[in-house]
Amino acid sequence: REMAKGTERADRAMMCHAGLISVWLDRQIEAIDEDDLERKSGRRLVNAFTALVEQDFHSAKTVRDYASDLGITPTHLSRVCNQACGRPASSILQDRVTYEARRLLTETRVPIKDIAASLGFASAAYFTRSFQKQTGQTPSSFRKQG
């Protein structure tokens, strides 16, 4: 109204309005910076997790063990993995183990029970169930096809 009427208060009104816009812009920039920091810290955490998985996937470590190594809760680890790459931590771990199982089954003649043991499975039967759940095939049928 002050601007439309051209009153002497118009300059002061414009300065006040510019000040409010400035505060709003600062808040927007701050929110972007916080989101960016959160994404960067999440990526660092996922990178640390995947590095640990790559180092220890052959053990019987669980997501809980990895989270403990990183000093966070399993829930937080899974949430961050989901945000960063669309998959929970358990899927990332299982995918790495399954990838190695496939590689060993196609590239070696190591007995299935030994592959199971080398990947941290308590038994060949449990390995077979897990592998079949992931791939839709038993390890022996997968090996025959490869």
Can you tell me, using C-alpha contacts under 8 Å and at least 6 residues apart, the relative contact order of the chain as a whole percent? 17 percent
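Let's test the formula: R0 of 30 Å, r as the Cβ-Cβ distance of Thr108 and Ser68. What FRET efficiency results, to the nearest 0.05?
0.40
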Diffing the range 95-102: the Karplus 3J(HN,Hα) column from phi (6.51, -1.76, 1.60, θ = phi - 60°), in whole Hz with x for Gly and Pro, holds 4, 5, 5, 5, 4, 5, 4, 4
Solvent-accessible area of Asp95, probe 1.4 Å, all protein chains present, reported in Å² to the nearest ten, please. 60 Å²
Just need the relative contact order of the range 84-145 here, percent rounded to a whole number, with Cα pairs under 8 Å and 6+ apart. 26 percent
Full extension from Thr7 to Lys133: what is 0.36 nm times the residue separation minus their Cα-Cα distance, to one decimal in nm? 37.7 nm
Between Gln83 and Asp26, with labels modelled 7 Å along Cα→Cβ, what's the label distance in nm to one decimal, could you check? 2.6 nm
What fraction of the Cα pairs in the chain, stated in percent, has a spacing above 28 angstrom? 46 percent
Quick one: with all protein chains in place, what share of the accessible area of the range 32-146 is carbon or sulfur, to the nearest percent (1.4 Å probe)? 51 percent
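The values are calculated or read from the model by the stated rules, or taken from the named source; none is laboratory data. Keep in mind it's a predicted model, so treat the numbers as computed, not measured. Cβ: placed from backbone, ideal geometry, glycine included. Neighbour counts: every protein chain shown. Areas reflect the complete protein model, heavy atoms only, side chains present, ligands, DNA and RNA absent. Shrake-Rupley method; radii C 1.70, N 1.55, O 1.52, S 1.80 Å.
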